Amino acid sequence: MAQNVWDQCERWVGNVNVRHESITIHFQNFGLVSWRQCVNLAWKGIWVAIVTELWNHRNKVIFNRGLVDATEIFTLAQLKGWCWLKNKFNRVAFSNSD
């Protein structure tokens, strides 16, 4: 299920990353080659949003008998990532739907 979420993320941006089993190495490799540092900082924020939503969804499934839904996880991660970007960077000039 987590792989499905990461696949959706890669299709969303049009980028393919090598996934490592170590979360630290996965985070370090999660970057956009030839993009500016500020874009990669934002991309790292998206990584954090995805990992957070994976964890939150796991808890929902285990403790509240929720259903596994990779699309819901990815959509919530996008929304939370956008909210973080909008608050972190004053010059964000795109809407969540963009």
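For residue 48, are the conditions met, namely being closer than 20 Å to residue 6 by Cβ, modelled with pLDDT of 80 or more and not in a loop (DSSP other than H, G, I, E, B)? So residue 48 fits the description; yes. With respect to being over 27 Å from residue 25 (Cβ atoms), open to solvent by 80 Å² or more (accessible area, probe 1.4 Å), modelled with pLDDT of 90 or more and not hydroxyl-bearing (Ser, Thr, Tyr), residue 94 falls outside the description. Just one of the listed residues (69, 7) is at pLDDT 75 or above, over 14 Å from the mean Cα position of the chain (by Cα) and surrounded by 12 or more Cβ atoms within 10 Å (Cβ to Cβ), and it is 69. Contact list please: Cβ distance under 6 Å, first residue in region 1-22 and under 15 Å from residue 70 (Cβ atoms), second residue exposed (fewer than 14 other Cβ atoms within 10 Å of the Cβ) and modelled with pLDDT under 75, pairs at least six apart or on different chains. Matching pairs, first to second residue: 10/16.
Close contacts from region 69-88, counting a first residue that is within 15 Å of residue 13 (Cβ to Cβ) and a second that is among the polar types (S, T, N, Q), with Cβ to Cβ under 6 Å and a gap of 6+ residues or different chains, come to 74/8; 82/96.
The values are calculated or read from the model by the stated rules, or taken from the named source; none is laboratory data. Because the structure is predicted, anything quoted here is derived from the model rather than measured. Backbone-built Cβ (ideal geometry, glycine too); neighbour counts: all protein chains shown. Protein only, heavy atoms only, side chains kept; ligands, DNA and RNA dropped before computing areas. Shrake-Rupley method; radii C 1.70, N 1.55, O 1.52, S 1.80 Å.
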